[in-house]
1. Can you give the extra length, in nm with one decimal, that the chain gains between Glu144 and Lys86 once fully stretched, where that is 0.36 nm per residue apart less the Cα-Cα distance?
2. Give the calculated FRET efficiency between Met366 and Arg7 to the nearest 0.05, with a Förster radius of 22 Å applied to their Cβ-Cβ distance.
3. Kindly state, to the nearest 0.05, the FRET efficiency for Arg154 paired with Asp71, given R0 = 30 Å and r defined as their beta-carbon distance.
4. Please give the charge dipole size of the stretch 26-144, origin at the Cα centre, charges +1 on K and R Cβ atoms and -1 on D and E Cβ atoms. Round to the nearest 20 debye.
5. For Glu192 and Thr235, compute 0.36 nm times the residue count separating them, minus their Cα-Cα distance, and round to one decimal in nm.
6. Once every Cα of the stretch 1-137 carries one equal point scatterer and solvent is ignored, give the base-10 log of I(q)/I(0) from the Debye formula at q = 0.15, 0.19, 0.20, 0.22 Å⁻¹, two decimals.
7. At what distance in nm do the modelled label points of Ser358 and Glu22 sit from each other, each positioned 7 Å from its Cα along Cα→Cβ?
8. Any idea how far the Cα center of the stretch 182-249 sits from the one of the stretch 377-406, in Å?
Amino acid sequence: ILGEHLRICPQGYTCCTSEMEENFANKSRSEFEAMMKEAGRSVQATLTAQHRSFDSYFQDLLNKSEKALYDAFPSMYGELYTQNAKVFKDLYSELRRYYRSSNINLEEALNEFWTRLLERLFKLLNPQYHITDEYLDCMVKHAEQHRPFGEVPRDLKVKATRAFIAARSYAQGFLVGSDVVRKVSQVSLSQECTRAIMKLMYCPHCRGMASVRPCNNYCLNVVKGCLANQADLSTEWKYLMDSLIGVADRIDGPYNVDNVIGTIHMRIAEAISNLQENKDSITSKVFQGCGNPKISTKGSSSEDKKRRGKVTLEAKSSAQALEMLVLDAKGNLTALKTYWITLPSSLCSKKVMASSASDDKCWNGMTKGSYLPEVMGDGLANQINNPEVEVDITKPDMTIRQQIMQLKIMTNRLGNANIGNDVDFQDTSDDMSGSGSGDSCPDDVCGKRLSKSPSTRQPETHAIPKQSGHGIHGASSRSLPSASLLLLLSVAVIAPQHLWR
């Protein structure tokens, strides 16, 4: 029949009624959106699997360390351990809470552990004295300068904070990436895109050419126009993948979680041994600073309470498992770098089943023949002259712009983790063990910042970074932007562009 009633397909002779054309439009829209979600689910599955593998590995490290402590310490230390078991249990609980992104300060948690342990052990190692809470406060202040546990607390704090910061940010990065893909894959097609997709996929049917496949370049122009906003994710997405790869190298390198997390119990045992060996010297110095406490009426305790066990603790290394985890993750992350800009080609070749670029017997939108227009570039700005889809480049999709900001925030956190900082602004502290300031991040992406006590905290630099320094490279030589600053800058950039156009 004559096709004057058609609103999307060419108005030549056709076998489609208006109702059929409308049904085909609805069908093409639902099918294309399903293709997008299916492609997204594949990426989500990859990122979620990587998160699950690392999370399981990391939690297992903590569990094994805690179990080794519970198994060995009773025989090593007797009542030194049994009367203080809760102190050790609380430490591991705090470490797990921090890793799960609870709003706790990791440095403070470690400091609190050593303080509580010192107070308990000092009393148990000096049972002949009546030691009050006030005396313990004085003891702690004087003991700090004498390093009763040796260098273990400081060394462990530096290494553990770096390892935990890297591990937590790394695990979060996979989840944020997966969530961004999920949300972006749910963005609906515009009316212009629905018409263009219908013309691409089902207008050949209305012309009696159901077996003729779309020309590849024609398909690319349609899909690039429809996914222009999604393509704008590509830059920040690549930065996120690069940042995750960078932190993966740290996790299996300088901040090796296997060496640090898997040996926490051994470092604690080393610290307790240091205290026992230097007990007389430490006690003498504390008495000099705080005075002699009163003699206890309960008398001295048995030697069992201050047992000096020499049980050998071992750390079962899983370095090979960590190395395989990191290699697998880096391979997947590298493959995902170009996901958003290769998505049109992937959809056209695998889903739409477009014809080859040189085919002159493909569907070109009007009839069977070759397709002459050039293929548009990627992203919203390059669609201004798209011959197949009318795209308003002055109106970016706000859902996708929000996800771009989520990628920037997460990349910023990974950049900080790469240099050992759990902060939005780069700190000027020498040991980079994780002090920081506190702009918050949406959706609890950032968690709690680490901070130092007011008396020791150094000034921070709040500088806006150069755009060329994106991602993890060069992070140590510049200040990283806070989440709220990034959001503010984003709005400031988008608004003038919209008004200008």
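1. Working: separation 58, 0.36 × 58 = 20.88 nm, distance 2.26 nm.
Full extension of this stretch gives 18.6 nm more.
2. On the way: r = 15 Å, r/R0 = 0.70.
That gives a FRET efficiency of 0.90.
3. On the way: r = 27 Å, r/R0 = 0.90.
FRET efficiency, Arg154 to Asp71: 0.65.
4. Once rounded to the nearest 20, the dipole reads 660 debye.
5. Details: separation 43, 0.36 × 43 = 15.48 nm, distance 2.57 nm.
Length gained between Glu192 and Thr235: 12.9 nm.
6. Debye intensities relative to I(0), on a log10 scale: -0.91, -1.13, -1.18, -1.26.
7. 4.5
8. 12
The values are calculated or read from the model by the stated rules, or taken from the named source; none is laboratory data. Since the model is a prediction, treat every value here as computed from it, not as a measurement. All Cβ positions, glycine included, derive from the backbone under ideal geometry; neighbour counts span all protein chains shown. Ligands, DNA and RNA are stripped out before the accessible areas are found, and what is left, the full protein with its side chains, is counted by its heavy atoms. Shrake-Rupley method; radii C 1.70, N 1.55, O 1.52, S 1.80 Å.
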